[in-house]
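Structure first, then comments.
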Amino acid sequence: MKGRGCWDTASLRSFCSSGCLNKFKKDDSGDDDEATTPADKNELHHTLKNLSLKLDDLSTCNDLIAKHGAALQRSLTELDGLKIPSESGEKLKVVNERATLFRITSNAMINACRDFLELAEIHSRKWQRALQYEQEQRVHLEETIEQLAKQHNSLERAFRSAPGRPANPSKSFIEGSLLTPKGEDSEEDEDTEYFDAMEDSTSFITVITEAKEDRKTEGSTGTSSVDWSSADNVLDGASLVPKGSSKVKRRVRIPNKPNYSLNLWSIMKNCIGRELSRIPMPVNFNEPLSMLQRLTEDLEYHHLLDKAVHCTSSVEQMCLVAAFSVSSYSTTVHRIAKPFNPMLGETFELDRLDDMGLRSLCEQVSHHPPSAAHYVFSKHGWSLWQEITISSKFRGKYISIMPLGAIHLEFQASGNHYVWRKSTSTVHNIIVGKLWIDQSGDIEIVNHKTNDRCQLKFLPYSYFSKEAARKVTGVVSDSQGKAHYVLSGSWDEQMECSKVVHSSPSSPSSDGKQKTVYQTLSAKLLWKKYPLPENAENMYYFSELALTLNEHEEGVAPTDSRLRPDQRLMEKGCWDEANTEKQRLEEKQRLSRRRRLEACGPGSSCSSEEGEAGDWKGAPHGRKGVPGWGFRGDGFRGSMPPADPPAHCACPAEKEADAYTPLWFEKRLDPLTGEMACVYKGGYWEAKEKQDWHMCPNIF
C-alpha cells in the first residue's frame with residue numbers, strides 16, 4: 001500500500017507550486033486584466049502554505065489508514081481462529097465484511113489519488129514547457145524592440161549627418177511655419193501622434209539681406225528703415241543676465257537622487273485613458289517639487305520682462321515677451337519626472353524682492369480638476385497672473401499634458417496688456433526606450449492695448465522632417481498685420497529675433513501653396529538658457545533657481561509647499577517613508593472632501609463660508625469698484641464683480657467647487673477672455689508681515 005499510492009509528496013507540492021506560480025507569472029506579464037498587487041502575492045504564498053499543510057495531513061492520514069487497516073485485518077484473522085458461540089460468530093462475520101468493504105474503499109481512494117497525481121504531473125510538465133516558451137518569447141520580443149530602438153537612433157543620426165543637409169539651417173535660410181488659429185480643445189486629439197506629424201500649415205522663408213552700403217544701390221522702397229535703430233538697443237542686452245545681490249545665501253545642491261528601480265509599465269498598464277491626476281503614483285515617478293513650485297519656476301528668466309519695461313516700441317516689447325514665454329519650457333527638456341500634485345489649499349510663495357525684484361504667490365484652488373492660481377508682482381513695473389488647469393492623459397505610448405487657462409502680463413507704465421496660453425507637452429517612450437519630452441502646438445500672444453500679435457509655433461519632432469529638433473518659429477506683427485520681426489530658435493537653448501526689411505510672396509510650389517519671404521537684418525540674441533549646475537544629472541536636472549525653491553524658509557504660511565512632509569522626505573532620499581506619508585496626506589484630503597460634500601447637502605448653501613473643524617473661513621464674495629483690472633499696493637486688486645453662486649449643486653464636482661473657497665484668490669470674470677478665473681484678492685503679504693496665519697487650513 002505504500003508504493004505510488006502512498007502520496008508522492010514532493011511531486012504534488014511541485015504541481016501545486018508550478019500551477020499557482022504559472023498563474024502569478026501570467027498576471028505579471030500583463031496578459032490578465034488585473035495587476036498583481038502585494039496583497040495578491042501574500043495571498044498566493046498563504047495558499048501554497050495551506051496546500052502544503054493539507055498535503056502533509058493527507059499523507060499522514062494515508063499512513064494511518066494503512067497502519068490501522070492492517071492491524072484491523074490481523075485482529076479479524078485472529079478472531080476467526082477462536083472458538084466462539086454461533087451468535088457471536090454471526091456478528092463477527094458482519095464486522096469482517098464491513099472491514100473488508102472499508103479496505104476496498106480505501107484502496108479505491110488511494111488508486112484514484114494516484115491517478116490524479118500522475119495526470120497532474122503530466123500536465124504540470126506541459127504547463128512548465130508552455131511557460132518556458134512564453135518567457136523565451138517575451139525576452140525575444142523585448143530584445144527585438146530594443147534593437148529596433150537602437151536602429152531607429154542610428155538611422156536618425158545618419159539622416160542628420162547626410163550630405164546635402166545644411167549644417168545650420170537657421171543661419172542664412174530659415175523655414176518656419178505660421179500658425180493656423182485653433183480652438184483650445186482642438187489642440188489635442190485622441191489619435192494625435194506628435195512625433196509622426198508632418199507640417200502642413202502656411203509657411204514662411206527668412207533670408208538675411210546684404211550689408212547697408214550694398215543695399216543703397218538697389219533703390220528698394222524700404223531702405224530708409226532697414227537698419228537696427230537706436231530704439232532697438234534694448235534688444236542688444238536682452239540676453240545679458242543682471243545679477244542681483246541677495247542678502248540670503250541660497251543653497252546650490254540637494255541630496256543626490258537614490259537609485260531605485262521600478263517598472264513603470266507594471267503600474268501604468270491599467271491606467272490607459274485615465275486622467276493622470278487621478279492615478280495613485282508612488283514618489284518614484286516624482287521630483288521633490290510641487291506643481292506650484294514648477295509654475296513659479298517659469299520666472300527664472302524674469303530679466304526679459306525687466307528689460308521689456310524700458311521698450312518704447314510695443315512690437316519690440318512683444319519680442320521680449322515672446323522670448324519669455326518660450327523660456328519657461330527650457331527647464332523641461334530633461335525634467336521627465338512628475339511634480340507632486342498640490343493639496344487643496346496648498347500655497348507657495350517666492351519672496352525675492354532683494355535679488356529678483358519680485359514677489360510670487362501660488363495657491364491650489366481646485367483639486368478635481370487640478371487648478372492653480374498664480375500672481376507675480378515686480379518692483380520693476382510689471383505684473384503677471386494666471387490660473388492654470390492641468391489636463392493630462394496617458395495614451396499607452398505617451399503622456400499628453402495640456403495646460404488650460406490664459407496667462408496675463410501687464411506693464412504699468414505703458415498699459416500694454418499681453419495674453420497668451422501654453423502649448424502641449426508630450427512625454428514619449430512610456431513603454432520602451434528612453435523617456436523624452438517634446439513641446440508642440442501654437443501660441444498666439446496678443447497685446448490687447450495695441451492689438452499687436454506674435455504667432456509662435458512649436459514644431460513637433462519628426463524623423464521625417466529636415467528641421468532641427470525643438471524648433472520654435474514666430475512672427476511679430478502690428479495691428480495692421482504688417483510683420484516687424486521674425487523669431488527663431490529652440491525652446492531648450494535660445495531665441496533670436498530678426499528685423500524685417502521687406503516681405504513678398506514666393507512662387508507657388510507644386511501643390512499650389514505660397515510661402516511668404518521675409519528679408520531681414522542679421523539676428524540678435526534675445527534669450528539664452530543658463531547652464532545647468534554641476535552634478536545636475538544626480539539632482540533631478542534642477543536649474544539654479546529650482547534648487548532653491550524647496551529650501552526651508554522661516555515665516556512662510558503653514559500651507560506652503562516647503563512644509564509638505566512627503567515631498568521633504570523624498571528630497572532627503574527617504575522614498576519608502578515618503579510613500580507612506582503621501583498615502584496619509586491623500587487619505588486626509590479625501591476625508592476633508594467628503595466632509596465638504598456632506599456639508600453641501602440639501603438645505604445648505606454651497607457657497608457658504610467653510611467651517612470645517614474650525615480650520616478656516618472663506619472670504620466674502622462682495623467687493624465694490626469700477627470694472628477693470630487694477631493694481632494697489634503689493635498685489636493685484638481685481639474689481640470685476642465676482643461670479644454669482646449657483647442656486648444648487650448639480651454633481652459632486654460642482655458641490656466641491658462651490659463648497660471650497662480659496663483663501664488668497666477669488667473667482668471673477670476675465671473681461672478679455674470671457675472666462676471665469678481666480679485672481680489675487682490681496683492680504684497674503686500683510687499676513688506674513690504680521691505672522692498671522694490663523695485663517696490657514698491644516699492640510700499637512
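Here are a few things to note about the model shown:
- Residues that are without any contact (Cβ under 8 Å) to a residue 60 or more places away in the chain, small (G, A, S) and under 19 Å from K434 (Cβ atoms) within region 114-163 comprise S154, A158, listed in sequence order.
- The listed residues are D442, D438, D452, and the only one of them that is touching a residue at least 40 places away in the same chain (Cβ under 8 Å), of a type in the set (D, E) and over 26 Å from V517 (Cβ atoms) turns out to be D438.
- Against the test of being in contact with a helix residue (DSSP H, G or I) (Cβ under 7 Å, 6 or more places away or on another chain) and either modelled with pLDDT under 90 or in a strand (DSSP E or B) (or both), the options D442, D438 yield a single qualifying residue, D438.
- Residue match in region 372-386 (condition: buried (at least 22 other Cβ atoms within 10 Å of the Cβ), under 16 Å from the mean Cα position of the chain (by Cα) and either in a strand (DSSP E or B) or of a type in the set (F, W, Y) (or both)): yes
- Consider region 342-363 and keep the residues that are assigned to a loop (DSSP other than H, G, I, E, B) and surrounded by 21 or more Cβ atoms within 10 Å (Cβ to Cβ). The one that is farthest from the chain's Cα centre (by Cα) is M356.
- Residue in region 551-562 that is under 20 Å from M356 (Cα atoms), out of contact with any helix residue (DSSP H, G or I) (no Cβ under 8 Å at 6 or more places or on another chain) and free of Cβ contacts under 8 Å to residues at least 24 places away in the same chain present: yes
- One residue stands out in region 569-583 among those that are under 23 Å from A372 (Cα atoms) and under 19 Å from the mean Cα position of the chain (by Cα): the one that is surrounded by the fewest Cβ atoms within 10 Å (Cβ to Cβ), namely Q583.
Matching residues to (1) among the hydrophobic types (A, V, I, L, M, F, W, C); (2) assigned to a helix (DSSP H, G or I); (3) under 60 Å from the mean Cα position of the chain (by Cα):
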site: L64; (1), (2), (3): yes, yes, no
site: Q73; (1), (2), (3): no, yes, no
site: I122; (1), (2), (3): yes, yes, yes
site: K126; (1), (2), (3): no, yes, yes
site: A130; (1), (2), (3): yes, yes, yes
site: N153; (1), (2), (3): no, yes, yes
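- Just so you know, in region 325-341 the residues that are among the hydrophobic types (A, V, I, L, M, F, W, C) and in a loop (DSSP other than H, G, I, E, B) include one that is nearest to K582 (Cα to Cα), and it is A337.
- If only residues of region 568-623 that are closer than 30 Å to E551 by Cα and among the acidic types (D, E) are counted, the one that is modelled with the lowest pLDDT is D615.
Rundown of residues vs (1) modelled with pLDDT under 95; (2) outside any helix (DSSP H, G or I), yes/no style:
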site	(1), (2)
S266	yes, no
M281	yes, yes
L289	no, yes
Q293	no, no
L305	no, no
T312	yes, yes
A323	no, no
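- Applying the set (1) more than 19 Å from W420 (Cα to Cα); (2) in contact with a Ser or Thr (Cβ under 6 Å, 6 or more places away or on another chain) to Q439 leaves exactly one unmet item: (1).
- When the criteria are applied in full, L384 meets the requirement of being modelled with pLDDT of 95 or more, under 23 Å from Y680 (Cβ atoms) and not aromatic (F, W, Y).
- The set of residues in region 447-482 being out of contact with any strand residue (DSSP E or B) (no Cβ under 6 Å at 6 or more places or on another chain), within 24 Å of Q412 (Cα to Cα) and surrounded by fewer than 16 Cβ atoms within 10 Å (Cβ to Cβ) consists of N451, S479.
The values are calculated or read from the model by the stated rules, or taken from the named source; none is laboratory data. Keep in mind the model is a prediction, meaning the values are calculated, not measured. As a convention, Cβ positions derive from the backbone with ideal geometry for all residues, glycine included, and neighbour counts pool all protein chains shown.
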